[in-house]
Amino acid sequence: MKILVCISNVPDTTSKINFTGDNKSFDKNGVQFVINPWDEYALTRAIELKEAKGGTVTVLNVGEADAEPNIRKALAIGADDAIRVNAHPKDAYFVAQQITAIAKQNNYDMILMGKESIDYNGFQVHNMVAEMLGIPSVTPAFKLDMVDDSTARLEREIEGGKEVVEVKLPFVASAQQPMSEPRIPNMRGIMTARTKPLQVVDAVSAEAKADYVGYSKPEKKGGVKMIDAENAGELISLLRNEAKVL
Amino acid sequence: MSVLVFVEGFNGEIKKSSLEAASYGNQVAQQLGTTATAVAIGEVHEEALAKLGEQGISKVLYDADSRLNQFVADAYVKVIAKAAQQESAKVLVFSNSNIGAAVGSKLAVRLNGSLATNVTTLPKTDGGSFVVTRGVFSGKAFADVALTSDVKIIAVKKNAFEVSSNGGSTATVEKLSADLADADFAAAPKETIMQETDGGVLLPEAEIVVSGGRGLKGPENWHLVEDLAKALGAATACSKPVSDLDWRPHHEHVGQTGITVSPNLYIAIGISGAIQHLAGVNSSKVIVVINKDPEAPFFKAADYGIVGDAFDVVPKLIEAARALDK
């Protein structure tokens, strides 16, 4: 089974977010980058499936050279090889076209990724790729198992419940917890990752359709009003009469 | 040219998030000097569809094919694409739900359109541009995005827009048929399992959320969260450690890697307020924090705070909430 896992390189969840250049670009200064946590659920599940059924896991990143430490980390966790499409990921549509171009050359049985990235929160790329390739997509899935060699069984979250879906390979799925328990690379993994193939390819010509023109941050809160624990019930009347939310 | 809004049903009624999307779509239509049409699928009462007139929708296209009662992305896309073509829609509006964002993404490819999800503002349309603001960095920032294609697709963040009501207007309901084939249902779910919602409030749709953290010491104490939620008509949620410990199901986990909520009122009990948790809740309109540690970082993000033991404080809140006249 050939599995493609798409990962993005994102600011660590604890990062403070700032912008530079008249709020036109994200300030990478002092920010640690990690594999997008949602993508890690997809990556570890892919590795688990490979360990159980055989096959290969290829990691794909559409990004610039500064993503390579985290691509190596994915190899250290257990992916077999990696591809980096050398491009600034302009928008979801652009990224989806790059993934689609790689997928068309390689006949993957499944294409997995996180349900969204924690930086741009699009929830778009997986469904765009599925549509471009004309194959089914199951998003967001929190369970993925093989029924037989050609069919997978997934559970996906819907508002207020879940759905069980069986699809024939190939398909696209996006992951969320608790699809798998992300792994920390061990020393042996880190050593072998150094020699695993990481291929850098040029981007295909593709258009972006959303132009990020500026950024802003949420307004600061006006300060907290403290209520004495002895008179906790007073909170309820403040919420009704002052905040007017009850 | 018109604005087309996709509305989702739930138990025969239209979801609140879709009423918000309809209200948004109507305002965009007015901005552009056109009208807003809705498209609905599956099991929705016709009276509920006609009532979309209150949100300014003039016409509803309705495909009642019972195979659409379950979400099947490819079939939904076909129906909405047909409606878009019929109406020459240039702006398509969805709720930023798992369904809306999925279908919107596929339509962006099929209709060659520009897509923005998680949108929090009406478009700015000066000088022929079309710019919307969307939430990015998991609630820590906003981005202004220019949608450059002829067709614009917008998935509106839940609870970011009021449901408008112009009283009494009704929309005309017209049948729509997209001639769906069996192949369109290849990825149809085998089974749909709905949660027991008890009070009937879904977390992503909720206007009030009561959330518990490790400070509650164990799942056996969750009646405090549940009773307060019930008294306030709220949904229940939890922090990441709580779902990691299996005290509560994963779908209740609110935060950067859980779900993002933006209710009118978020009450956090025994949650310290790690930056990842704040990211999931900081667009809530009013935040209440109850924690016995006065240094808990969550107080900095709160509107109201109580320093105290949840086991003393919450019963008092429950009592006061039950005494409110509804």
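The values are calculated or read from the model by the stated rules, or taken from the named source; none is laboratory data. Note that this is a predicted model, so its numbers are computed, not measured. No Cβ is skipped: glycine too gets one built from the backbone with ideal geometry, and neighbour counts run over all protein chains shown.
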Query raised in the report: For the stretch B:108-132, what are the residues that are over 26 Å from B:Val261 (Cβ atoms) and assigned to a helix (DSSP H, G or I)?
Result: B:Val109, B:Arg110, B:Asp126, B:Gly127, B:Gly128
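Considering A:Glu48, A:Glu68, which residue is in a helix (DSSP H, G or I), modelled with pLDDT of 95 or more and more than 28 Å from A:Gly134 (Cα to Cα)?
Details: A:Glu48 fails: more than 28 Å from A:Gly134 (Cα to Cα).
None of the other options fit; the residue is A:Glu68.
Let's see how each residue does on (1) charged (D, E, K, R); (2) touching a Phe, Trp or Tyr at 6+ places or on another chain (Cβ under 8 Å); (3) away from chain A (no Cβ under 11 Å); (4) farther than 21 Å from A:Glu116 by Cα:
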residue: B:Ala89; (1), (2), (3), (4): no, no, yes, yes
residue: B:Gly100; (1), (2), (3), (4): no, yes, no, no
residue: B:Ala108; (1), (2), (3), (4): no, yes, no, no
residue: B:Pro123; (1), (2), (3), (4): no, yes, yes, yes
residue: B:Gly127; (1), (2), (3), (4): no, no, yes, yes
residue: B:Gly135; (1), (2), (3), (4): no, yes, no, no
residue: B:Phe142; (1), (2), (3), (4): no, yes, no, no
residue: B:Val163; (1), (2), (3), (4): no, no, yes, yes
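Quick one: in the stretch A:78-119, which of the residues that are among the hydrophobic types (A, V, I, L, M, F, W, C) and within 22 Å of A:Arg183 (Cα to Cα) is nearest to the chain's Cα centre (by Cα)? Break it down into steps so the answer makes sense when it comes.
Narrowing the stretch A:78-119 to residues among the hydrophobic types (A, V, I, L, M, F, W, C): A:79, A:82-83, A:85, A:87, A:92, A:94-96, A:99, A:101-103, A:110-113, A:118.
From what is left, the residues that are within 22 Å of A:Arg183 (Cα to Cα) are A:79, A:82-83, A:110-113, A:118.
Working: A:Ala79: 16, A:Ala82: 16, A:Ile83: 16, A:Met110: 15, A:Ile111: 12, A:Leu112: 9, A:Met113: 5, A:Ile118: 7 Å.
Per the stated criteria, the residue is A:Met113.
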Query - Members of the stretch A:93-118 that are within 7 Å of chain B (Cβ to nearest Cβ) and either modelled with pLDDT of 95 or more or over 27 Å from A:Ala193 (Cβ atoms) (or both) - result: A:Tyr93
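For the stretch B:200-292, give me every one of the helices (runs of 4 or more DSSP H) that falls completely inside it and has 3 or more residues that are crowded, with 24+ Cβ neighbours inside 10 Å. Reasoning before the result, please.
Numbers: elements: B:223-232, B:240-244, B:275-281.
Answer list for the stretch B:200-292: B:223-232, B:275-281.
Mind checking which residues of the stretch B:19-38 are in a helix (DSSP H, G or I) and in contact with a Leu (Cβ under 9 Å, 6 or more places away or on another chain)? Walk me through it before giving the result.
Here is the first cut: in the stretch B:19-38, the residues in a helix (DSSP H, G or I) are B:19-32.
Once the filter is applied, which keeps residues that are in a helix (DSSP H, G or I) and in contact with a Leu (Cβ under 9 Å, 6 or more places away or on another chain), the stretch B:19-38 yields B:Leu19, B:Ala22, B:Tyr24, B:Gly25, B:Gln27, B:Val28, B:Gln31.
Among the residues that make up the stretch B:165-183, is at least one of them over 19 Å from B:Asn291 (Cβ atoms), among the hydroxyl-bearing types (Ser, Thr, Tyr) and within 14 Å of chain A (Cβ to nearest Cβ)? Quick ask: steps written out before the conclusion?
Going residue by residue through the stretch B:165-183, those that are over 19 Å from B:Asn291 (Cβ atoms) are B:165-183.
Filter again for among the hydroxyl-bearing types (Ser, Thr, Tyr), leaving B:165, B:169-170, B:172, B:177.
So of that shortlist, the ones also within 14 Å of chain A (Cβ to nearest Cβ) come out as none.
No, that holds for no residue.
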Query - Residue within the stretch B:50-57 that is more than 14 Å from chain A (Cβ to nearest Cβ), in a strand (DSSP E or B) and either in contact (Cβ under 8 Å) with a residue 40 or more places away in the chain or surrounded by 24 or more Cβ atoms within 10 Å (Cβ to Cβ) (or both) present - result: no
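With the structure loaded, tell me whether A:Ser174 is within 13 Å of chain B (Cβ to nearest Cβ), surrounded by fewer than 17 Cβ atoms within 10 Å (Cβ to Cβ) and at pLDDT 95 or above or whether it fails that test.
Numbers: within 13 Å of chain B (Cβ to nearest Cβ): yes; surrounded by fewer than 17 Cβ atoms within 10 Å (Cβ to Cβ): no; at pLDDT 95 or above: yes.
For A:Ser174, the condition - within 13 Å of chain B (Cβ to nearest Cβ), surrounded by fewer than 17 Cβ atoms within 10 Å (Cβ to Cβ) and at pLDDT 95 or above - is not met.
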**Report entry** the stretch A:169-195 residues that are part of a helix (DSSP H, G or I), paired with ones that are among the aliphatic types (A, V, I, L, M) (beta carbon under 7 Å, 6 or more apart)
**Finding:** A:Gly189/A:Ala76; A:Gly189/A:Ile77; A:Ile190/A:Ala76; A:Ala193/A:Leu75; A:Ala193/A:Ala76
